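Colleague: Pasting a structure here, questions to come.
Nothing in this text is a laboratory measurement; each read-out follows from the coordinates by a stated rule. The model shown is predicted, which means the values in this text are computed figures rather than measured ones. With ideal geometry, Cβ positions are generated from the backbone for all residues, glycine too; neighbour counts draw on all protein chains shown.
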Amino acid sequence: MLTIFFDGIAYGMLLFVIACGLAVTLGLMNFVNLAHGAFAMLGGYCAYVLVNFYGVPFFASLPVAFMFAAMIGLVAERTLYVHFYNRSHLEQVLFTIGLVFMVSALVDYFLGSQQRFINLPAYLQGRFDFFGIGVGKYRLLIILVCALILIVLQLILGYTRFGSRLRAAVDDQRVARGLGINVNWVFAITFAAGCGLAGLGGALGAEILSLEPHFPLKFMIYFLIVVSVGGTSSITGPFLASILLGIGDVAGKYYAPRYGGFVIYTIMIVVLVLRPQGLFSRGTSK
Amino acid sequence: MNALETVNLEKRFGGIVPTNDVNLKVREGARHALIGPNGAGKTTLINLLTGVLKPSKGRVMLGAQDITSLSPHKRVSLGMARTFQINQLFGDLTPLESIALVIGEREKLGTRFWQAFGSNEKIVEEATVLAKQFGLADVLAERTSSLPYGKQRQLEIALAIAGKPRVLLLDEPAAGVPETERHEILETVAALPKSVTVLLIEHDMDIVFGFADRISVLVDGKLFVEGEPKEIENDPRVRAVYLGERADD
Amino acid sequence: MKEAAAALKRKRAWHWLEYVFWLAAAASIFLLPSQHALLTQIAIWSLFALSLDLLLGYAGIVSLGHAAYFGFGAYVAALFAINFYGEPVTGLLVAGVAAGLLGLITSLLVLRGTDLTRLMVTLGIALVMYEIANQMSWLTGGADGLTGMPVNPVLGVFPIYFITTNSYVYVLVVLFILLVIAKRIVHSPFGYSLRAIKGNPLRASSIGIPNNLRLIAVYTVAAAYAGVAGALLAQTTPVVSLTYIDFQRSADVLLMLIIGGTGYLYGGIVGSALFLVAQKFIGNVTPQYWEFWIGFALVVIALFARDRGVFSIFERIIAALRKEKAKS
């Protein structure tokens, strides 16, 4: 029981690290990015190639996966996404679904359609017993890394110049521009960082999330649930939503494998209908 | 008899009170102007009157009927119409189609999915006549989004009139209209039938004093003073408010 | 006055291209017997895309889960035929009514939010429907699909069961009738009020249009249309399976409509024809290529054509060339 709880938290943490970038794109730029999962997948494949083919240590592959996804994100943002900021949501949806199809097809072409596993080092395999809770070492690592990222994110957002600029841009773009903040660059860097985090999450969670070319579509709904249920006004909302979703999903698969998906989607619809601004958003829904 | 009345109307957003205990009475057939400096709460008040916003407290009366809880479209069917400060038109439709649509909705024919739009000759005729009155005869079949601004502004008012309202709310009808076309709009407004009660929300004092027979001044969400144009013009407090505002600019 | 009425009439009259199109479609019954299986697929997808056009092109509602109603209609038609009566037209009516009811109920959820919540809710509804169909395998056959559906002759006289050409005629006639009805609807006062809501919801409500009621109505009609399309596919294919409801189908139909362009009723037909013919040629080479090019097409269309279809790209090129010419 507690083991399920523990696994759920690990899963939820992963979802959060991947989806927090999406929360920012949606909240900051009002942009529906259905291709966000593609960056997570790219990070995952980057780590897979490095570890399995070139013998790079797993830990060393994580920052590379981050950089890889962030660079691709930056290029994509400057060349493609930037044309869609002021377009309708329909056009954003079409564009990003198109991107997902292309990336999935390319990955399938170059790396094959089978599910891939990263060779984890021996010390990350197995479980140990901690006061009766079976703690998987790999999942413990995920929780630790994600917790670290969460703390760093809070610090950056709360205490740095960039963080305050970002918050200003989220609150009111026009005012922020008026204050001389280069909102375009704040967008670009934030977007790249969000993609990088997704890539890191993809690499870190390749084992749990199952790395294969249709990863972005399979998990799209999960990421969307995190941001729509959590709201986009803070990072605490998406974080709580991620943890709830993670625990709910793992528990659902364990106790009621037949109804898990049904329950999660139904809850999502109910939350969206009752609280369109998200379950944890501040203020009243308009 | 008041055509439109608010009773202790109040709207709060958190700590801000853009509408604070407003008791506005607009007499039947009046040419009533609502003025006030920027940020006085004119837009909020209009949104409360038309049902876009729900008040925190108080009531809105249309004639003898309490319409506080009615949705915007129900208020329209009871005889209230409005224009917008910024044009709100149907860009893909033509002026004729837009006006005919309003007339059709007024006559409760809008749910007829089996009839052809425009097959009702009475409606087309009424729409054509109205379009002519508003100087739109030469652009009847053009896409609205391709019309010059002045024509769009005329259409903005025509759409409100086409609903044959008893009470008409005009939100800065001449806003954004170039000096040369301004008089056309003002003539249109002046020529509105006397049976229609008009509440004019306006910033431009020349327009207000040329049009209104009664004026209410809104300051900081409260009704500051009300009276005949003469009284208002000579009221030192009103002057102070406006002079103060000018000094701020 | 006369001219004004005439101008309105011209808009709803049949364009000569429409006559040409339907004559060509009728001719294809005799001239292209080898392609009738493909043409049947195109006609069914056309009807499905037409139903989405009513939502997206005329009322401005973006749906990522329109397959929910398509699949529901298909299952209802199959189960009705198996358990009660195997006459196809009756099956279509039952499926249409059932899907319409589902649309009516779910529209209350869909119409509450903004664009983005609508996207999510439509997607969620389709996912829930998928899960339900998957779990109720005692009724739907679950992942194995539902087989053994009897298909009697249409109206008792016109056999279509495993007769490719007759199936095509049947599907084409249904498409024609429903398109004529849809055309009637979008050119009615009701249809114009939908365009008004799409164009400017704020103004629409302030000229007295009850926006939500009208949107609920069109959502119901669109769902019923999708249900009929699903029923048609069920009647002309040996098995009803979960792929009828999956996300791929919702995405494909949106893509077809976008390729053909929204808001003129024929966009879905053009789009599904282009899509399925291209799929036949490219998809036969390798499925990965197909997915890549379809993604590429989406990105290009989103960049340049927006929601007005492939033809608008050509139109824009021509317009740009003319401008150049005028300058020189």
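Colleague: Hey, got a sec? Which chymotrypsin sites (Phe, Trp or Tyr not before Pro) in segment A:209-255 land in a DSSP loop and have at most 16 other Cβ atoms within 10 Å?
Modeller: For chymotrypsin sites (Phe, Trp or Tyr not before Pro) across segment A:209-255 that sit outside H, G, I, E and B with at most 16 neighbouring Cβ atoms in 10 Å, the list is empty.
Colleague: Here is a further query. Which whole-Hz couplings ³J(HN,Hα) result when phi for each residue of segment B:207-212 is put into the Karplus expression 6.51 cos²θ - 1.76 cosθ + 1.60, θ = phi - 60°, listed in order with x for Gly and Pro?
Modeller: Working through the residues one at a time gives 5, 4, 6, x, 10, 7 Hz.
Colleague: Among C:P287, C:P159, C:P88, which one moves the most in a GNM of chain C with springs linking Cα atoms closer than 10 Å?
Modeller: C:P287
Colleague: Measuring from label point to label point, each 7 Å out along Cα→Cβ, what is the B:E121 to C:W22 span in nm?
Modeller: 2.7 nm
Colleague: Let me ask something additional. What does the convex hull of the Cα atoms of segment A:77-202 come to per residue, in Å³, rounded to a whole number?
Modeller: That works out to 180 Å³ per residue.
Colleague: Also: Considering amide H positions built from the backbone, and no H for Pro or chain starts, which residues 5 or more places from B:R12, or on another chain, come under 5 Å of its amide H?
Modeller: Amide H neighbours of B:R12, under 5 Å, 5+ apart: B:S56.
Colleague: Pairs of alpha-carbon atoms within less than 8 angstrom and 6+ residues apart define the contacts here; what relative contact order does segment C:101-199 have, in percent?
Modeller: Relative contact order for segment C:101-199 comes out at 8 percent.
Colleague: To the nearest 20 Debye, how big is the dipole of segment B:89-164 about its Cα centre, given +1 on the beta carbon of each Lys and Arg and -1 on that of each Asp and Glu? Intermediate values should be presented prior to the final figure.
Modeller: Numbers: 9 positive and 10 negative charges, 36 e Å.
Charge dipole of segment B:89-164: 180 debye, to the nearest 20.
Colleague: Right, something else. In peptide B:72-78, how many Cβ atoms from other protein chains are near each Cβ within 10 Å, on average?
Modeller: Per residue, the number of nearby Cβ atoms from other chains is 5 on average.
Colleague: Sticking with this one: What are the ³J(HN,Hα) couplings of segment B:77-82, residue after residue, when phi is run through the Karplus curve with 6.51, -1.76, 1.60 and θ = phi - 60°? Round to Hz, x for glycine and proline.
Modeller: 5, 8, x, 10, 9, 9
Colleague: A 22 angstrom limit on the alpha carbon distance is what I want to check against. Which of B:K122/B:K151; B:K54/B:K222; B:K74/B:K132 exceed it?
Modeller: Exceeds cut-off: B:K122/B:K151; B:K74/B:K132.
Colleague: If all Cα-Cα distances of segment C:35-327 are sorted into 10 Å bins from 0 onward, what percent lands in each bin, rounded to whole numbers?
Modeller: Taking every Cα pair in segment C:35-327, the percentages come to 7, 27, 35, 22, 7, 2, 0.
Colleague: How large is the charge dipole for chain A, taken about the Cα centre, if only the Cβ atoms of Lys, Arg (+1) and Asp, Glu (-1) carry charge, to the nearest 20 debye? Provide the component values of the computation, followed by the final result.
Modeller: Values: 17 positive and 10 negative charges, 104 e Å.
Approximately 500 debye in magnitude.
Colleague: Of B:P193, B:P95, B:P18, which has the largest mean-square fluctuation in a 10 Å C-alpha GNM of chain B?
Modeller: Among B:P193, B:P95, B:P18, the largest GNM mean-square fluctuation belongs to B:P193.
Colleague: Next question. By the gyration tensor of its Cα atoms, with a ≥ b ≥ c the square roots of the eigenvalues, what is the shape of segment C:188-238: rounded for a/c under 1.5, prolate for a/b over b/c, or oblate?
Modeller: prolate
Colleague: If you don't mind, there's one more thing I want to ask. Under 16 Å from the Cα of B:K25, which aspartates and glutamates turn up, not counting those fewer than eight places away in the same chain?
Modeller: In chain and number order, the partners are B:E5, B:E10, B:D66, B:D213, B:E226, B:E228.
Colleague: Provide C:W22, C:W45, B:W114 in ascending order of the number of other Cβ atoms located within 10 Å of each residue's Cβ, fewest first.
Modeller: B:W114, C:W22, C:W45
Colleague: To make sure I understand the rule: partners must be lysines, Cα under 27 Å from the Cα of C:K280, and not fewer than 8 residues away in the same chain. Which ones qualify?
Modeller: A:K218
Colleague: Of the listed peptides B:136-145, B:103-112, what is their order by residue-averaged count of other C-beta atoms within 10 Å, with the highest listed first?
Modeller: Working: B:136-145: 16.7, B:103-112: 19.2.
Result, highest mean first: B:103-112, B:136-145.
Colleague: Mind checking the mean number of beta-carbon atoms from other chains within 10 Å of the Cβ atoms in A:30-39?
Modeller: Counting other chains' Cβ atoms within 10 Å and averaging over A:30-39 gives 1.
Colleague: Taking square-rooted eigenvalues a ≥ b ≥ c of the alpha carbon gyration tensor, is segment B:30-77 rounded, prolate or oblate, where a/c under 1.5 means rounded and, failing that, a/b exceeding b/c means prolate?
Modeller: Since a/c reaches 1.5 and a/b is larger than b/c, the shape of segment B:30-77 is classed as prolate.
Colleague: Relative contact order (percent) for chain A, with alpha-carbon contacts under 8 angstrom and 6 or more residues of separation?
Modeller: Computed value for chain A: 38 percent relative contact order.
Colleague: Moving on. Let me have the 222 nm mean residue ellipticity of chain C computed from DSSP H runs of 4+ only, each contributing -39500 (n - 2.57), with the sum over all residues rounded to the nearest 500.
Modeller: When only DSSP H runs of four or more count, the value is -24500 deg cm²/dmol.
Colleague: Sort the protein assembly as shown into rounded, prolate or oblate with this rule: let a ≥ b ≥ c be the square roots of the eigenvalues of the Cα gyration tensor; rounded if a/c is under 1.5, and if a/c is not under 1.5, prolate when a/b is larger than b/c, oblate otherwise.
Modeller: Cα axes put the protein assembly as shown in the oblate bin.
Colleague: Which listed residue (A:L148, A:Q115, A:I133) has the Cα farthest towards the positive end of the charge dipole for segment A:84-211, taking +1 on Lys and Arg C-beta and -1 on Asp and Glu C-beta about the Cα centre?
Modeller: Final value for the positive-end residue is A:L148.
Colleague: Right, something else. Taking beta carbons within 10 Å but only from partner chains, what does the mean come to for residues B:226-238?
Modeller: 0
Colleague: So, one more: What's the ranking of C:25-35, C:230-240 by average number of surrounding C-beta atoms within 10 Å, highest first? Present the calculation step by step, with values, prior to reporting the outcome.
Modeller: Values: C:25-35: 12.3, C:230-240: 24.8.
Order by mean packing, descending: C:230-240, C:25-35.
Colleague: With springs only between Cα atoms under 10 Å, which of B:G15, B:G63, B:G221 fluctuates most in a Gaussian network model of chain B?
Modeller: B:G15
Colleague: With 10 angstrom as the radius, rank A:M1, C:M256 by how many other C-beta atoms surround their C-beta, starting from the fewest.
Modeller: In increasing order of surrounding Cβ atoms, one gets A:M1, C:M256.
Colleague: Going by how many other Cβ atoms sit within 10 Å of their own, how do A:M102, A:M13 line up, fewest first?
Modeller: A:M102, A:M13
Colleague: In deg cm²/dmol, rounded to 500, what helix-only [θ] at 222 nm does chain A give when every DSSP H run of at least 4 residues adds -39500 (n - 2.57) and the total is split over its residues?
Modeller: Rounded to the nearest 500, the figure is -24500 deg cm²/dmol.
Colleague: Nearest 20 debye, what's the magnitude of the dipole of chain B about its Cα centre given +1 on Lys and Arg Cβ and -1 on Asp and Glu Cβ?
Modeller: 980 debye
Colleague: Another one. Pick out, from A:G98, A:V175, A:L204, the residue whose Cα sits farthest towards the positive end of the charge dipole of segment A:2-219, with +1 on the Cβ of Lys and Arg and -1 on the Cβ of Asp and Glu.
Modeller: Positive-end residue among those listed: A:V175.
Colleague: I'd like to know which of C:L202, C:F247, C:G145 lies farthest towards the positive end of the charge dipole of segment C:138-263, counting +1 on Cβ of Lys and Arg and -1 on Cβ of Asp and Glu.
Modeller: Result: C:L202, furthest along the dipole toward the positive end.
Colleague: So who's got an amide H within less than 5 Å of the one on B:F117, skipping anything under 5 residues away but keeping other chains? H placed 1.01 Å off N, in plane.
Modeller: Those qualifying (amide H under 5 Å, at least 5 residues apart or on another chain) are C:S188.
Colleague: Using DSSP to call loops (not H, G, I, E or B), can you name the trypsin sites (Lys or Arg not before Pro) in segment B:148-249 whose Cβ has at most 11 other Cβ atoms within 10 angstrom?
Modeller: Answer by residue number: B:K194.
Colleague: Moving to a separate point now. Residue by residue through segment B:159-173, what is 3J(HN,Hα) from phi via Karplus (6.51 cos²θ - 1.76 cosθ + 1.60, θ = phi - 60°)? Round to whole Hz and write x for glycine and proline.
Modeller: Per residue, the Karplus-derived 3J(HN,Hα) values read 4, 5, 5, 4, x, 6, x, 7, 10, 10, 9, 9, 9, 6, x Hz.
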